[in-house]
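Scroll down for the structure; my scribbles are underneath it.
Every number here is computed from the coordinates shown, using simple stated rules; none is lab data. Model, not experiment: these values are computed from the prediction. Don't worry about glycine lacking a Cβ; one is built from the backbone with ideal geometry, like all the others, and counts go over all protein chains shown.
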Amino acid sequence: MEKQAFILENAMKQVVDSLVQKNGEEQRDRITRGVSQVASFWKETDGTGDEFAAYCRNNYISDKDQLDKVFQRISTNMEVILGYFNKISADLQRPLHLDMGDILSVDESFGSYSPVTHFKDDFFNNKIAFLIALNFPHYSLEEKTRLSSSWSRKDWAYARLGDLFDSRIPSEVNQQVVNSLTKSDMYIADYNVFAGELLNNAGKTLFPPDMKLLSHWNIRDEIKSNYGNAEGLEKQRLLYEVMKRIITQEIPSQVINSPVYTWNPVTNKVFDDRNEIVATPEPSVRYAMILDYFHAQQKVDPYYQGLNTYLLRSFEKDMEVPLADLENLFTTYLSSPEMGKIAGVIRNRLGRDLEPFDIWYDGFKTRTSIPAETLDKVTRKKYPNPEAVQQDLPNILVKLGFNRDKALSIASKVQVDPARGSGHAWGAETREQKSLLRTRISADGMDYKGYNIAVHEFGHNVEQTISLHNVDYYLLHGVPNTAFTETLAFLFQKNDLALLGITGNNAMQEYYNNLDNAWGLYEIMGVSLVDIGIWKWLYANPGANPESLKEAVNNIAKDIWNRYYAPVLGMKDQPILAIYSHMVNSPLYLPNYAYGHIIEFQLTDYLKDKDFASEVERMYSLGRLTPQQWMKDAVGSSISVQPIINTINDALLKIVETH
Ligand SMILES: [Zn+2]
């Protein structure tokens, strides 16, 4: 597992010294940074030690103007390469995504072809990656954060160029990571529980005979959908027993993805017709999957200087937030007194003490009281075909406050296509392409559901267009992470009825929706902390086996519960936060959701009393800074949970007043 450096420390120092001698002491830092990064990537197959030294001496650019010229050329060429790679993928997937007749089996093969796969290898082989590492070196998150106050926009763009080549991982190591994820994906995709076969203690079934629930999503959603009906509570309790059996892996393997037997999850007994059979528990497969991924990531560890754990890479590199900062945001929110106040409202509405699964309380959501058929009629008439949607895009933007010229300019860079599925927004990666609004329109026009989604996706297209065309450097285009684009998409979507000329019919809707979002954030932060806790434990216990990991995960989940949930919901030692399937098939992705919601809340709160169009244009022209820097430049303050807490207090005040 040890990775041996081919270029030794001493050889590297000699190259640095000779370059400093030639170019001056004031360039020492830049030279050291560049040469050490080239050295860390250089392998025997790239050339001898002497060839490494010669490469650095011949390719180091000391003159500022020359450096800038090279930067501009690389930037132009990267826009060509990344832009057309993106167009190739989008075009090859047209038969899969667009409403254009039968899908041929060859379409699937073309659709899964990825032109970007060999990009990094090719650019190390042709040595352009070395040229970039030497002259536009990579900076760590800590360095970006520390230096960015003195950085110009161009310095930022140089740093983002350096991020393109921050590692050189052998393809067999990458392949092992992919294989591990593929295995756990398949495991999760087939992890169904047949609710129709679940028995209560009286031996009765409670659910429709054919009901099949994918863990954890469908089980959770079934719990949500059982608020407000008489038999709901018993069903919810039974489903929670199922979840606990999955987490502890006491679930009988006979009932996973199979409707053959009936099962009482409370007693954990399995029946063939009415006779009990011997139940064999699932042998900790859930935890073996996580462990397998840990082992795959351990192989990646030595290829990142300073980011030698999956935890560090997930936070410092992918999310660009230090883990300690993130945990601080989460625990501030989780331990705020407002959580107890929301719980109090839920308790009143349910008329009973809370239970662990009430972290999924679903009763705050309010929907429009206008019948679906009425709305369908309006949207079908307005949007009979994709052309009608295309033509109306500038009007939508004008209604949202953009001036006509700006509206026409943005809309001209968005292409509407009829989608097979519910649709999506596919952003361009070169200014020569349009971003794609793929939307569902049937033969009799666009129904309201399709329209509602299309308005959301159009919000993404607007972000994609501004953050590509208005950002001053191509290498800075985009946004720091998906939360920043989701915010705009949701703000568009929220206005869907107003855009049709239908005015809101429930003044309280906004307040209840805010409480719903706040309660959802409370839940997702807890599961995120469990995910983080698992990975901290793995690195502290690298010799773990599936059994010891299982025990650890159960303890971590109960510990987080006891700290932040037991005081609010009332009962101790519940493992419920460990049920999320993401922990198995996309480890450490969950914190992105929680962090994203904080960002969305804060941006939405900031925009609510501002000139929407001009602020959106200003903010989304900032480009891909770190999330923290973007937020500071956009709204003038750091990322914080305070706006959410204020929103909760506003909502609680209004809701109490009207009772
Ligand atoms: Zn979206």
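Rounded, prolate or oblate: which fits the range 299-454, taking a ≥ b ≥ c as square roots of the Cα gyration tensor eigenvalues, rounded meaning a/c under 1.5, else prolate when a/b beats b/c?
Working: a/c = 2.49, a/b = 1.27, b/c = 1.97.
It is oblate, given that a/c is not under 1.5 and a/b is not larger than b/c.
Karplus-based coupling profile of the range 17-33, in residue order and whole Hz: 4, 5, 6, 5, 4, 6, 10, x, 4, 5, 9, 4, 4, 5, 5, 4, 4, with θ = phi - 60° in 6.51 cos²θ - 1.76 cosθ + 1.60 and x standing for Gly or Pro. Taking the three principal axes of the alpha carbon atoms in the chain, the coordinate ranges are 86, 63, 55 Å, sorted in descending order. Across the range 240-342, the convex hull enclosing all Cα atoms gives 156 Å³ per residue.
Once the Cα atoms are used to define both axes, helix 590-607 deviates from the longest principal axis of the chain by about 90 degrees.
Return the loop-located GluC sites (Glu not before Pro) in the range 415-464 (DSSP other than H, G, I, E, B) with at most 14 other Cβ atoms within 10 Å of their own Cβ; answer none if there are none.
The qualifying sites are E432.
Measuring between alpha carbons in the structure, the pairs from K434/K494; K64/K154; K224/K608 lying more than 18 angstrom apart are K434/K494; K224/K608. The distance linking the range 247-325 with the range 454-506 is 36 Å (Cα centroid to Cα centroid, whole angstrom). Close amide H contacts of A419 (hydrogens built in the peptide plane, cut-off under 5 Å, sequence separation of 5 or more or a different chain): D99, T439, R440, I441. Of the trypsin sites (Lys or Arg not before Pro) found in the range 218-251, none is in coil by DSSP with at most 10 other Cβ atoms within 10 Å of its Cβ. Ranked by the mean number of other Cβ atoms within 10 Å of their residues, highest first, the peptides 110-123, 347-360 fall in the order 347-360, 110-123. Placing a label point 7 Å from the Cα of H295 along the Cα-to-Cβ direction, the residues of the range 172-214 whose backbone N falls under 16 Å from that point are 173-184. Where a ≥ b ≥ c are the square roots of the eigenvalues of the C-alpha gyration tensor, would you call the range 187-286 rounded, which needs a/c under 1.5, or, failing that, prolate if a/b is larger than b/c, or oblate? Oblate shape, in that a/c is at least 1.5 and b/c is the bigger or equal ratio. Along the range 539-551 the Karplus relation, 6.51 cos²θ - 1.76 cosθ + 1.60 evaluated at θ = phi - 60°, assigns HN-Hα couplings of 5, 7, 10, x, x, 4, 10, x, 5, 5, 5, 4, 4 Hz to successive residues, with x for each Gly and Pro.
Amide H contacts for K269 (H built 1.01 Å from N in the peptide plane; partners 5 or more residues away or on another chain; cut-off under 5 Å): N264. Between the range 162-217 and the range 73-140, the C-alpha centres lie 28 angstrom from each other.
When the helices of the chain are scored as -39500 (n - 2.57) per DSSP H run of n ≥ 4 and the total is divided over every residue, the value at 222 nm lands at -18500 deg cm²/dmol.
Determine the distance separating the Cα centre of the range 347-366 from the Cα centre of the range 627-658; give it in Å without decimals. Their Cα centres are 24 Å away from one another. Note on the range 484-610: the C-alpha convex hull projects to 10.4 nm² when averaged across all orientations.
The Cα atoms of the range 489-537 give a gyration tensor whose axes a ≥ b ≥ c have a/c of 1.5 or more with a/b no greater than b/c, which makes the shape oblate.
Largest first, the extents of the alpha carbon coordinates of the range 400-559 on the three principal axes equal 61, 44, 33 Å. Over the chain, Cα pairs under 8 Å with separation of 6+ residues give a relative contact order of 14 percent. Annotation note: GluC sites (Glu not before Pro) in the range 198-283 located in DSSP loop regions with a Cβ neighbour count of at most 11 within 10 Å are E231.
Among the listed pairs K299/K632; K235/K365; K120/K299, a Cα-Cα separation exceeding 26 Å is found for K299/K632. A simple rule links phi to the HN-Hα coupling: the Karplus curve 6.51 cos²θ - 1.76 cosθ + 1.60 with θ = phi - 60°, which for the range 426-435 gives 10, x, 7, 10, 9, 5, 7, 10, 8, 8 Hz, with x for Gly and Pro.
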